[in-house]
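What follows is a single structure, written as structure tokens, with notes after it.
The values are calculated or read from the model by the stated rules, or taken from the named source; none is laboratory data. What you see is a predicted model, and the numbers here were worked out from it, not measured in a lab. FYI the Cβ positions are ideal-geometry reconstructions off the backbone, even for glycines, and counts take in every protein chain you see. Accessible surface areas use protein heavy atoms only, side chains included; no ligands, DNA or RNA. Shrake-Rupley method; radii C 1.70, N 1.55, O 1.52, S 1.80 Å.
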Amino acid sequence: MKLAHGLALNSHPSGRHFLQIPGPTNVPDRILRAMDYPTIDHRGPEFQRLGKSVLGGIRQIFATTGPVVIYPASGTGAWEAALVNTLSPGDTVLMCETGQFATLWRRLAQRLGLVVEFIAGDWRHGVDPKAVEQALRADSAKRIKALCVVHNETSTGVTSRIDEVRAAIDRAGHPALFMVDTISSLGSIDYRHDEWGVDVTVAGSQKGLMLPPGLSFNAISAKALEASKTATMPRSYWDWNDMLGANENGFFPYTPATNLLYGLHEAIAMLLEQGLENVFARHLRHAEATRAAAQAWGLEILCAEPREYSPALTTIIMPEGHNADAFRKIAQERFNMSLGQGLGKVAGKVFRIGHLGDFNDLMLLGTLGGVEMSLACGGVPHQAGGVQAAMAVLAR
Ligand SMILES: *Cc1c(COP(=O)(O)O)cnc(C)c1O
């Protein structure tokens, strides 16, 4: 298939591309159809109904009764929004090195003029609640204004225990704001903004929400909103205040991504129809089947802590002397399947299988079949039988 601008969409003439990177994910036909409508007047009554519906409905996905703002931006924009709305130049924030995305959020904070205290990590574990407690207890002057963590570290396939991190903050009795990046967990892994006492939740459209890239979110607690009134970081496009004022009536302060909002409306409906609990259970099951395959292949999973295995993706370590990107190239060229590349310090050493979003058992078996065949084609040492092992889990 050729796109209008002449780029070959994929080199295979038939069938569907397997987009098994951990975001963007496969966009279901129902969402594609929902977006295929004329763009409407974003100041008119029809838009107002849409705006009210998505701004209300999205709260259920974050498990919050508070406001959620929606930006026409990638997830990175919502990272920036969380910081500039609540902090002042020179403030200290505490972050945890879970992997590449945590490292990028740190860089963004530093570029904004914040001082980052970074708890070092080995990219195989999630946030250590004890280390957080210790760092907060050591901060007797209360210089730390926010703790920022990544819920599902998409570069490693490790999911941090946000409820336990919250408990650690409470044990330390520290007043820091709690900010959580759920860009690759919202809509695929259990997450509770209100119950877990999160102040700002950051999310994006193109992963668990099954939408194309282009929307991002901040769910905002009353404490975060209060902090925004005295925070002095320069902000304009990201200003919550402008957003919240217009959102009250279902509108936006500038042109919203109208057609993506049609899609969001459909995505919310689909998630609620399936039931969030069922969606989370499906992701857990697919992750378990994927790990069974990896174990049968004799390949090691990057996540070193079983209770932190990601339900959304699995990161597999390549055997010594084999390059993950060469392997991914085989999957791409022979089987028309995209797998996630290693990012940052694990580039070339690992590959990632995304199993989040609009996904089912047979899509997973196709994916794992493609991986197993690519291992064979690439001469990567492994045992056969991974797909069989996954089938045994799925047929249980
Ligand atoms: C994808 C991702 C990001 C980056 O989001 P963009 O939409 O690419 O800006 C940040 N954090 C996590 C955890 C992600 O998975």
* Structure fact -> Considering residues that are out of contact with any Cys (no Cβ under 9 Å at 6 or more places or on another chain) and crowded, with 20+ Cβ neighbours inside 10 Å, the number found within region 178-191 is 9
* Would you check if there is a residue in region 306-321 being touching a His at 6+ places or on another chain (Cβ under 7 Å), in the same structural domain as Gly354 (by TED's automatic domain parsing), among the aromatic types (Phe, Trp, Tyr) and within 23 Å of Asp361 (Cα to Cα)? => no
* Asked: Do we find that Leu147 is crowded, with 22+ Cβ neighbours inside 10 Å and more than 22 Å from Gly23 (Cα to Cα) in this structure?
  -> yes
* To do: Please find, among Ala167, Ala81, Ala102, the residue that is without any contact (Cβ under 8 Å) to a residue 40 or more places away in the chain and assigned to a helix (DSSP H, G or I).
  => Ala167
* Boolean, Leu362 is open to solvent by less than 40 Å² (accessible area, probe 1.4 Å) and not β-branched (Val, Ile, Thr) -> no
* Structure fact -> By my count, helices (runs of 4 or more DSSP H) wholly in region 289-396 with at least 2 residues that are over 28 Å from Val279 (Cβ atoms) are 324-335, 361-377
* To do: Give the residue, chosen from Ile40, Ile61, that is touching a residue at least 24 places away in the same chain (Cβ under 8 Å), of a type in the set (Val, Ile, Thr) and in a helix (DSSP H, G or I).
  => Ile61
* For region 126-144, name all the residues that are touching a residue at least 60 places away in the same chain (Cβ under 8 Å) and either away from the ligand (no atom under 16 Å from the Cβ) or open to solvent by less than 10 Å² (accessible area, probe 1.4 Å) (or both). => none
* Structure fact -> Counted residues in region 179-202 being of a type in the set (A, V, I, L, M, F, W, C) and away from the ligand (no atom under 16 Å from the Cβ) come to 1
* To do: State all residues of region 107-125 that are without any contact (Cβ under 8 Å) to a residue 24 or more places away in the chain and basic (Lys, Arg); if no residue qualifies, say none.
  => Arg107, Arg111
* If Glu300 passes every condition in (1) touching a residue at least 24 places away in the same chain (Cβ under 8 Å); (2) surrounded by fewer than 20 Cβ atoms within 10 Å (Cβ to Cβ); (3) touching a strand residue (DSSP E or B) at 6+ places or on another chain (Cβ under 8 Å); (4) charged (D, E, K, R) but one, which one does it miss? -> (1)
* Structure fact -> Of the residues in region 87-107, those that are in contact with a helix residue (DSSP H, G or I) (Cβ under 7 Å, 6 or more places away or on another chain), open to solvent by less than 10 Å² (accessible area, probe 1.4 Å) and more than 13 Å from the ligand (Cβ to nearest atom) number 2
* Can you work out which of the residues in region 243-266 that are touching a residue at least 60 places away in the same chain (Cβ under 8 Å) and among the aliphatic types (A, V, I, L, M) is surrounded by the most Cβ atoms within 10 Å (Cβ to Cβ)? => Leu264
* Asked: Scanning for something within 16 Å of the ligand (Cβ to nearest atom), crowded, with 22+ Cβ neighbours inside 10 Å and assigned to a loop (DSSP other than H, G, I, E, B), does region 210-224 turn up at least one residue?
  -> yes
* To do: With respect to Leu50, determine if the residue is among the aliphatic types (A, V, I, L, M) and away from the ligand (no atom under 16 Å from the Cβ).
  => yes
* **From the options Ala312, Ala347, Ala326, Ala304, residue that is over 13 Å from Val380 (Cα atoms), small (Gly, Ala, Ser) and out of contact with any helix residue (DSSP H, G or I) (no Cβ under 9 Å at 6 or more places or on another chain)** => Ala304
